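Quick notes on the structure that follows.
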Amino acid sequence: MKSPLRSLVTAALGVFSLVAAPAFAAKDVVFAVASTFTTTDPYDANDTLSQAMAKSFYEGLFGFDKDMKMIPVLAEGYEVSKDGLVYTIKLKKGIKFHDGTDFKADAVKANLDRVTNPENKLKRYGLYNNNIAKTEAVDDYTARITLKTPFSPFIAQLAHPSTVMISPAALKQWGSKDIAFHPVGTGPFKFVEWKATDYLKVARFDGYWRKGYPKVDTITWKPVVDNNSRAALMQTGEAHFTYPVPYEVADVLKAKPDLELVAAPSIVLRYLSMNTQQKPFDNPKVRQAIAYAINKDALAKVAFNGYATPAEGVAPQGVEYAVKIGPWPYDVAKAKQLIAEAGYPNGFETELWSAYNHTTAQKITQFIQQQLQQIGIRTKITLLEAGQRIERVDTWQDPATAPVRLYYVGWSTSTGEADLWRIVATEAVQYRVLQKPEVRRRHQECAADDRFGREGEAVQGRAGNRLERCPMGAARRRETSLGAQQEAVRRVRDSGCVVQFY
């Protein structure tokens, strides 16, 4: 039982991924999670948990194994044109959607056309629209995708957990918005019912194309935001899996002979972002003061019981080519000096929001609140529920008027690529970063140059010079250019747009 279910949670990695599982088999599985889901539509989800849950009924063309190595899923293979613009993808045959229709190339076109259509206002629009020019169904089992500019990690982008294949017939029946309440994919389970605050249930799909799977009959995903309650469900056997494991009781659960605790390094980075479009966070000294004022080592111990380490770079260390520049030091005296130089010797009042409403998020925001009080910054904490997060953050269209100020959230490079320019280029997160058009132009310029790389290789010659003028380097670098990349990433960190924790 554990093998197929574990594959469902690999996309939902934590700081140190902690997943508790029973050491016995069950046909009806309960999976306790820390937050409510925002949607069942991966193209409209920004949270890792919702995307991981959707893997029970959706699949993509490509994916990743447990070691983050790319593997074909619904695709058989692909070819790339010499200019790096045209991707021809061969599809597997004999696969059916849960509604009985055949999976064919028209599904690839329907799904990519949907997400690249701005009228649909999907949250993952920016992830694809930046580089997909058009998608065509060449024949029933051949899809052709033409890019606007070459982009070497494109197949990794197709392996992103949001790039799933939804039944074209279901999309036609329910429409782009209501498909979230009627998901129809090719995955091992089919959707049964979703009661947002209570549970989401899926049942075995007997027509699943991988023979012998799934090994269980049903999965019930149950949001339990309180850590103690979630741990109790595991100990009584009412839940068979939990994610994330409540860190404060991880060692207790680990000692239980009928439970298995899985801990592994993660590709998730947790951070405190700041709305640089609003005062006082438009002042770099204020942002830097906040970074100095928070003791990241103590935070890792208090909130995560040691299952976290302070971030040492913009990209998580589980990502290939991630650069270590060292954690931001804890220095209250320096923080007080900077906040005074910024014109706020007595501090100020502001809002501190969390993207999560579980117990760990409460501990983290309270810790931040206490730390910032040392330099006179007084915060009001709000733990956002899923609906509030969508309304106040995820769907807000104008960065200049966004109500968010300080925002505790997380980020993971779900493609396994450190193409960090996309953080700035994507509309959905613009309010968290620098808005200057010149900055955005340079990011796009850097990414365009780098895209000619193939499978981890980078264009030689001007790589180092490009990084010197780029606020943030893109991912594909040879070792010879890492020094320049390190300096570029350090400059981004020193701008203080975010405080990276772990």
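Overview of values
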quantity	calculated
Within the accessible area of region 48-155 (1.4 Å probe), percent carbon and sulfur	49 percent
Compactness of region 282-337, expressed as Rg and Dmax over alpha-carbon positions, Å	12.9, 37
Interatomic Cα distance distribution for region 125-248, bins of 10 angstrom, percent	10, 26, 32, 23, 8, 1
Lysines with Cα under 24 Å of K279, excluding same-chain neighbours fewer than 8 positions away	K334, K336, K380, K436
Accessible area (Å², 1.4 Å probe, nearest 10) - M68	60 Å²
Residues V192 and D251, FRET efficiency given R0 of 51 Å [Cβ-Cβ distance, rounded to 0.05]	0.90
Sparsely packed trypsin sites (Lys or Arg not before Pro) within region 65-163, loop by DSSP, other Cβ within 10 Å at most 12	K66, K69, K82, K93, K121
Cα-based shape type of region 276-413, given that a ≥ b ≥ c are square roots of the gyration tensor eigenvalues and the cut on a/c is 1.5	rounded
Shape call, region 319-358: gyration tensor on alpha carbons, a/c limit 1.5	oblate
Separation of the Q337 and K90 label points, Cα + 7 Å toward Cβ, nm	6.4 nm
Dmax and Rg, reported as Rg then Dmax, of region 45-151 (C-alpha, Å)	14.3, 39
Prolate/oblate/rounded call for region 190-255, Cα gyration tensor, a/c under 1.5 rounded	oblate
For region 95-160 versus region 318-349, the gap between their alpha-carbon centres in whole angstrom	41 Å
Cα-Cα over 21 Å, subset of K148/K177; K69/K96; K96/K222; K90/K123; K55/K190; K104/K195	K148/K177; K69/K96; K96/K222; K90/K123; K104/K195
Value of D in µm² per second that Stokes-Einstein yields for region 28-108, Kirkwood Rh from Cα pairs, at 25 °C (0.890 mPa s)	162 µm²/s
Exposure of I155 as accessible area (Å², to 10), given a probe of 1.4 Å and all protein chains	10 Å²
W194 accessible area, 1.4 Å probe, all protein chains in place, Å² to nearest 10	60 Å²
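The values are calculated or read from the model by the stated rules, or taken from the named source; none is laboratory data. For clarity, every value in this text was computed on a predicted model and none was experimentally measured. With ideal geometry, Cβ positions are generated from the backbone for all residues, glycine too; neighbour counts draw on all protein chains shown. The accessibility values were calculated without ligands, DNA or RNA, using every heavy atom of the protein model including side chains. Shrake-Rupley method; radii C 1.70, N 1.55, O 1.52, S 1.80 Å.
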